[in-house]
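The values are calculated or read from the model by the stated rules, or taken from the named source; none is laboratory data. Keep in mind that this is a model prediction, so the values were computed, not measured. No Cβ is skipped: glycine too gets one built from the backbone with ideal geometry, and neighbour counts run over all protein chains shown. These area figures cover heavy atoms from the full protein model, side chains too; ligands, DNA and RNA do not enter into them. Shrake-Rupley method; radii C 1.70, N 1.55, O 1.52, S 1.80 Å.
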Amino acid sequence: MSPSRSRSRSKELYERARLLIPGGVNSPVRAFRAVGIDPLFLASGRGSQVTDADGNRYIDYIGGWGPHILGHSHPAIQRAIREALKRGTSFGAATEAEIDLARLICDAIPSIEKVRLVNSGTEATMSAVRLARGFTGRSLLVKFIGCYHGHVDSLLVKAGSGVTTFALPESAGVPAEFTGLTLAVPFNNPDALREVFSAHGEKIAAVIVEPVVGNMGCVPPADGFLETLRELTSRAGAVLILDEVMTGFRLAYGGVQGSYGIRPDLTTLGKIIGGGLPVGAYGGRAEIMDTVAPEGPVYQAGTLSGNPLAVAAGIAALEELRRQPGLYAELDDRTEALGEGLAESARKAGVEVCVNRAGSMFTVFFTPGPVTDFDTASAADRDAFACYFQAMLERGVLLPPSQFEAAFVSAAHTDRDVERTLRAAKQAFKAVARRRKAKPGNRAG
Ligand code: KE4
């Protein structure tokens with residue numbers, strides 16, 4: 001086994017950060033709490049690799065949580081940012097480049113006839129929900145248990161006692177009144193969906209869903225599920241919002257909606273469309289989008305929306321993806337090979353896992369599976385995942401630090417990266433097996 005990597009600089013930075021920043025991080029998952037070690041502080045990234053503050057290099061599968069489908073520090077994106085920077089950073093006025101990014105998005109996703117740029121995925125989903133309520137004049141919202149749409153009050157909910165009972169706050173600071181208009185139903189459960197619509201249909205303003213879930217770990221939709229959702233929302237006059245913040249331009253050039261033949265009313269985007277800089281977007285049917293201020297009565301605004309540097313990075317990213325149509329098939333093939341290799345390696349070590357994959361997103365669940373919703377995902381052994389994560393980290397592979405996240409393969413990942421990852425995984429699964437022998441009862445599920 002490779003000598004243990006020093007992480008003393010990360011530790012020193014973490015101690016300093018905690019004095020000034022809650023948990024020492026600017027987003028909770030970065031604290032590595034779910035994997036039982038202090039967080040890494042990263043210093044740089046290039047291609048498929050990142051380097052931490054101690055100079056340790058890793059094959060990176062966090063990918064910035066999705067934006068870096070082309071790999072870190074892509075030359076075309078860096079060049080675009082440098083060129084835009086020469087002209088200033090932001091003006092608080094419209095710029096031509098915002099039209100160019102809007103054009104790229106609308107050309108790539110036919111259901112988006114008009115689009116508004118914002119600064120994050122959360123802003124996109126928050127705005128899309130407000131817009132759906134303003135357009136329909138209705139109040140109720142339906143989301144799926146285990147799906148995450150950013151830290152929007154009305155979406156930070158956990159299921160009520162039954163599928164037709166209203167959701168409960170999942171975070172402190174969210175009053176019950178705010179979640180009393182949200183219904184949370186199990187993903188991939190068409191019967192529960194039908195029950196909600198038969199009980200509340202004409203009062204439902206919108207349903208929001210990750211068409212391929214990344215936020216309970218990777219969970220694709222069951223055959224026919226999205227079609228049922230489209231049929232029920234159309235019949236009830238409810239707005240269907242596909243949250244493609246993660247899947248947008250990740251699984252195909254455009255939305256994953258095209259692959260499933262679903263035409264939503266609104267789509268939310270983020271991550272890849274900013275090329276690693278802060279960009280979110282929401283868009284869809286023109287008659288709905290024309291309800292947004294200043295065109296209509298639904299208010300939404302943002303000082304840095306359409307920021308020239310972020311827009312330049314997003315344009316460069318999408319133009320690079322459009323220039324390489326074969327890239328998605330290559331990503332599929334490489335991620336399939338990786339997923340199959342991981343499953344085989346776990347089997348040989350006697351560790352039961354379920355590997356879910358969609359395009360270049362994947363998750364190794366430490367449970368036999370199948371994993372089709374939040375309940376089956378929650379059966380996964382978190383302790384085993386933490387052991388696997390740490391063993392992979394020691395061997396130069398950085399995974400998302402949570403069992404309930406998707407890992408991402410980029411166009412910069414090579415076959416050699418896959419080989420090295422599988423070599424590390426062989427030892428990591430053995431470490432999990434040894435840990436289980438040592439602590440047989442320890443299967444936190
Ligand atoms: P942001 O506000 O973090 O840009 O986007 C929120 C969001 C909305 N919709 C989907 C489908 C998302 O995946 C996200 C954010 N994704 C997480 C990763 N699971 C961001 C990582 C983090 O919270 O630090």
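Below are the figures for this structure:
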quantity: Among residues of the range 75-105, those that are of a type outside the set (Val, Ile, Thr), within 17 Å of ALA317 (Cβ to Cβ), surrounded by 14 or more Cβ atoms within 10 Å (Cβ to Cβ) and touching a residue at least 12 places away in the same chain (Cβ under 8 Å), counted; calculated: 9
quantity: Residue in the range 122-132 that is assigned to a strand (DSSP E or B), within 18 Å of the chain's Cα centre (by Cα) and within 16 Å of the ligand (Cβ to nearest atom) present; calculated: no
quantity: In the range 160-183, the residues that are surrounded by 16 or more Cβ atoms within 10 Å (Cβ to Cβ) and more than 12 Å from VAL196 (Cα to Cα); calculated: GLY160, ALA167, LEU168, PRO169, VAL174, PHE178, THR179, GLY180, LEU181
quantity: Positions within the range 187-216 being among the polar types (S, T, N, Q) and within 10 Å of CYS147 (Cα to Cα), in sequence order; calculated: ASN215
quantity: When residues of the range 25-45 are limited to those that are without any contact (Cβ under 8 Å) to a residue 60 or more places away in the chain and more than 14 Å from the ligand (Cβ to nearest atom), the one nearest to GLY276 (Cα to Cα); calculated: GLY45
quantity: Some residue of the range 98-115 being at pLDDT 95 or above, within 16 Å of the ligand (Cβ to nearest atom), farther than 13 Å from VAL207 by Cα and hydroxyl-bearing (Ser, Thr, Tyr); calculated: no
quantity: Pick from the range 116-148, criterion of a type in the set (Phe, Trp, Tyr) and either at pLDDT below 95 or open to solvent by 40 Å² or more (accessible area, probe 1.4 Å) (or both), ranking: nearest to PRO221 (Cα to Cα); calculated: TYR148
quantity: Counted residues, the range 366-403 - those being closer than 13 Å to GLY217 by Cβ and in contact with a Cys (Cβ under 7 Å, 6 or more places away or on another chain); calculated: 4
quantity: Inter-residue pairs, beta-carbon under 7 Å, first among the small types (Gly, Ala, Ser) and in the range 316-328, second at pLDDT 95 or above, 6+ apart; calculated: ALA316/ALA76; ALA316/ILE77; ALA316/ALA80; ALA316/GLY275; ALA317/LEU70; ALA317/ILE77; ALA317/ILE272; ALA317/GLY275
quantity: Selection from the range 44-63 of residues that are surrounded by 14 or more Cβ atoms within 10 Å (Cβ to Cβ) and farther than 23 Å from ALA391 by Cβ; calculated: ARG46, GLY47
quantity: Residues within the range 365-420 that are in a loop (DSSP other than H, G, I, E, B), closer than 15 Å to GLY47 by Cβ and either at pLDDT below 95 or among the aliphatic types (A, V, I, L, M) (or both), tallied; calculated: 3
quantity: Residue check, LYS158 basic (Lys, Arg), under 30 Å from GLU202 (Cβ atoms) and within 14 Å of the ligand (Cβ to nearest atom); calculated: no
quantity: Some residue of the range 356-365 being farther than 30 Å from ALA76 by Cα, touching a residue at least 12 places away in the same chain (Cβ under 8 Å), surrounded by fewer than 22 Cβ atoms within 10 Å (Cβ to Cβ) and assigned by TED's automatic domain parsing to the domain that holds ALA424; calculated: no
quantity: Of all residues making up the range 190-222, the number that are more than 21 Å from the chain's Cα centre (by Cα) and either open to solvent by 10 Å² or more (accessible area, probe 1.4 Å) or modelled with pLDDT of 95 or more (or both); calculated: 15
